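Engineer: Mind looking over this structure? Questions follow.
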Amino acid sequence: MQFAKHWAAVLDDYAIDLAWSPDGAWLAVASAAGGITLYDAATGAVRHTLAGHADGANCLAWCPGAPLLATGGQDGRVKFWSAHTGEELAEKELGGAWVEHLVWAPSTRAGTPHGALLFAAAGRQLVALHADGTTVHEFPAAAKTISALAVRPAPSAGGASPQLAVARFGGVALWNLADFTAAKDFPYGNALHALTWSPDGRWLVAGCQDNAVHLWVPDEDLELHMSGYETKLKELSFSADSHWLATGGGHDACVWDCSGAGPEGREPLLLPHTTRVIAVAFQHAHGLLATAASDGEFSLWAPTRKNPLVAEVKMPAAASKFAWRADDGLLAVGTEKGHVFVFKTA
C-alpha cells in the first residue's frame, strides 16, 4: 500500500474541526479564530472562504443529502452555508452558550428538506433544526452541559425510529427522533467527554473523565466497563465491521475486541506511541486505523496483521482532528497550529 502527502494548507489558527462533503468533492475546515475554508479535494485549492463566526468557530457538519454545511460558534449561533456559492443561507441564534456539537440525522417527517434534520447543542440546550434555520423541536434542558451527540446507525433500529444519544455529566439520554420522545437514560457517575456507536448500532460507548471507557448495549440492558487508563478518555473509533474499538487515554492506542460478549475481561492490542495518544480514526469501510500522539507523530495501522504498523508521519504540530473521506482514499489531518494535511492511500 502507498501512503503519501496529497496536498497541504495553513490556517490562521488551530484547526478545530474538519469534515469531507458527502460526495468527497470538498474538505471543510474550521479555524478556532472563526473562519471556515472549503478546499477542493483534488487540488487543495481554496473554493470558498466563509465568514464563519466572529467570536470563534467550534464545529461543522455536512448535510447528508445536499451541498450544505452547518457550522456552530462561540457566538451562540448555528449557520448554514451553500458549498456551491459560499453564501450564508440561514442562521439560528441559540442564546449565550457556545454551540459546540452538531449532527445531522435522517428524518421521515413531512416537509423536511433533504430528508435530514440538524441537531445542535449549546450548553444544556438541544434543538432540532430544518436546513433553513427554523426550529422543529426544542428538547427539555439537560441536567448538565451537553458534552457529546451521536446518532444511532440506521440498521440498528430494525426499521424503527432513528435515535440520538446525548451525553452530559451523569449519563447519556437516548431520544427517539421520529416523535422526539425519551427512549432510555443510562446513568454514569462522572463526566463523559466522547460518545460513539458501533456501525451495527449494538454498542454505545462513552469516553469518561475517570480514566475509563463505558459501554452499553441498549437492546440487551447490558453494561461493560474498562478502567485503568492513564488519562481521561476523549478518543474513540469503531472499525467498519463493529469488531474493533480503538481508544486513546495514554501512551498506547488500545484496540478492543467487541465481538460476541464484548471487550470486558479481554486484553486489548496495544499500539505504542512515545507520547500521549490524542486522536484515533478507523476507515469507513476498510481496516486501516490512524492514530496521533501529542508530539506531532501520527501512525497508520492494520490492526489485524501480525506486523500492524503501515506508516509513520512526523508533523510540525500535534493533530487536532482526523477525517477519512467516504471512499477511504484520502485522510485529512488538522493540527493545533493550523496546518491541514491531506494524505492519499492507494
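No lab work stands behind these numbers, since they all come straight from the coordinates. Bear in mind that the values here come from a model prediction, so they are computed numbers and not experimental data. Because the Cβ atoms are built from the backbone with ideal geometry, glycine has one as well, and the counts that use them run over all protein chains shown.
Engineer: How far, in nm, would the chain grow between PHE180 and HIS286 when pulled straight, counting 0.36 nm per residue and subtracting the alpha carbon separation? Spell out each step's value before the answer.
Structural biologist: On the way: separation 106, 0.36 × 106 = 38.16 nm, distance 3.40 nm.
Value of the extension gain: 34.8 nm.
Engineer: Say each of GLU88 and ALA346 gets a label point 7 Å from the Cα, pointing the same way as Cα to Cβ; how far apart are those two points in nm?
Structural biologist: 4.1 nm
Engineer: A further question on this structure: Please give the charge dipole size of the stretch 157-265, origin at the Cα centre, charges +1 on K and R Cβ atoms and -1 on D and E Cβ atoms. Round to the nearest 20 debye. Before the final figure, lay out each step's value.
Structural biologist: Values: 5 positive and 14 negative charges, 71 e Å.
Here the stretch 157-265 has a charge dipole of around 340 debye.
Engineer: Further, regarding this structure: State the dimensionless ratio Rg/Rh of the stretch 197-346 (Rg: radius of gyration of Cα atoms; Rh: Kirkwood radius).
Structural biologist: Details: Rg = 14.8 Å, Rh = 15.5 Å.
My calculation of the ratio gives 0.95.
Engineer: If you don't mind, another one. Within 10 Å of each residue's Cβ, count the other Cβ atoms and sort VAL172, VAL310, VAL10 from fewest upward.
Structural biologist: Working: VAL172 23, VAL310 16, VAL10 11.
If I rank by nearby Cβ atoms, fewest first, I get VAL10, VAL310, VAL172.
Engineer: Excluding CYS63 itself, what net charge comes from residues whose Cβ is under 12 Å from its Cβ, given Lys and Arg +1 and Asp and Glu -1?
Structural biologist: Local charge sum for CYS63: -2.
Engineer: Then there is this: Calculate, for HIS137 and ASP12, the FRET efficiency according to 1/(1 + (r/R0)^6) with r their C-beta to C-beta distance and R0 22 Å; round to the nearest 0.05. Don't jump to the answer; show the numbers that get you there.
Structural biologist: Details: r = 36 Å, r/R0 = 1.64.
For HIS137 and ASP12, the calculated efficiency is 0.05.
Engineer: Report, in debye and to the nearest 20, how large the dipole of the chain comes out about its Cα centre when Lys and Arg carry +1 and Asp and Glu carry -1 on their Cβ. Mind showing how you got there, number by number?
Structural biologist: Details: 23 positive and 35 negative charges, 55 e Å.
Using only the charged Cβ atoms, the result is roughly 260 debye.
Engineer: On to the next question. Quick check: pseudo-label points 7 Å beyond the Cα along Cα→Cβ at LYS5 and THR274, how many nm apart are they?
Structural biologist: Distance between the two pseudo-spin positions: 1.9 nm.
Engineer: How large is the dipole of the stretch 1-96 about the Cα centre if only Lys and Arg carry +1 and Asp and Glu carry -1, each at its Cβ, rounded to the nearest 20 debye?
Structural biologist: Working: 5 positive and 11 negative charges, 50 e Å.
So the magnitude is around 240 debye.
Engineer: Moving on. When you count, for each residue, the other Cβ atoms within 10 Å and take the mean per peptide, how do 315-325, 136-146, 237-247 rank with the highest first?
Structural biologist: Numbers: 315-325: 19.6, 136-146: 15.7, 237-247: 21.4.
In decreasing order of mean packing, 315-325, 136-146, 237-247 become 237-247, 315-325, 136-146.
Engineer: Something else about it: Towards the positive end of the charge dipole of the chain, with charges on Cβ (+1 Lys, Arg; -1 Asp, Glu), say which of TRP216, HIS251, GLY189 has the farthest Cα.
Structural biologist: HIS251
Engineer: Round to the nearest 0.05 the FRET efficiency obtained for HIS225 and ASP328 when R0 = 30 Å and r is the Cβ-Cβ distance.
Structural biologist: Values: r = 32 Å, r/R0 = 1.05.
Given R0 = 30 Å and the Cβ-Cβ separation, E is 0.45.
Engineer: Same structure again: How are the C-alpha pair distances of the stretch 18-110 spread across 5 Å bins, as whole percents from the shortest bin up?
Structural biologist: Bin by bin from 0 Å, the calculated values are 3, 15, 26, 25, 17, 9, 4, 1.
Engineer: Within the set of other residues whose C-beta is less than 11 Å from the C-beta of ALA319, count the net charge using Lys and Arg as +1 and Asp and Glu as -1. Let's see the in-between values first.
Structural biologist: Numbers: positive: LYS321, LYS337; negative: GLU235, ASP295, GLU297, GLU336.
Value of the local net charge: -2.
Engineer: While we're here: Zone of ASP241 (label point 7 Å along Cα→Cβ, backbone N under 15 Å): which residues in the stretch 173-212?
Structural biologist: Once the point is set 7 Å along Cα→Cβ of ASP241, 199-200 turn out to lie under 15 Å by backbone N, inside the stretch 173-212.
Engineer: How far, in nm, would the chain grow between ARG266 and ALA42 when pulled straight, counting 0.36 nm per residue and subtracting the alpha carbon separation?
Structural biologist: 76.4 nm
Engineer: Same structure, new question: Hey, for a label at ASN307 modelled as a point 7 Å past Cα toward Cβ, could you say which residues of the stretch 1-43 have their backbone N under 18 Å away?
Structural biologist: Correct set: 1-3.
Engineer: Sticking with this one: What ranking of PHE282, PHE180 emerges when the number of other C-beta atoms within 10 Å of each C-beta is taken as an exposure proxy, fewest first?
Structural biologist: PHE180, PHE282
Engineer: Related question: With an 8 Å cut-off on Cα pairs and a minimum separation of 6 or more residues, tell me the relative contact order of the chain in percent. Can you show the working numbers first?
Structural biologist: Details: 1017 pairs, mean separation 44.4, N = 346.
This gives 13 percent for the chain.
Engineer: For the chain, build the charge dipole from Cβ charges (+1 Lys, Arg; -1 Asp, Glu) around the Cα centre, then report which of LEU164, LEU236, PRO106 sits farthest towards its positive end.
Structural biologist: Projecting each Cα onto the dipole axis, the largest value belongs to LEU236.
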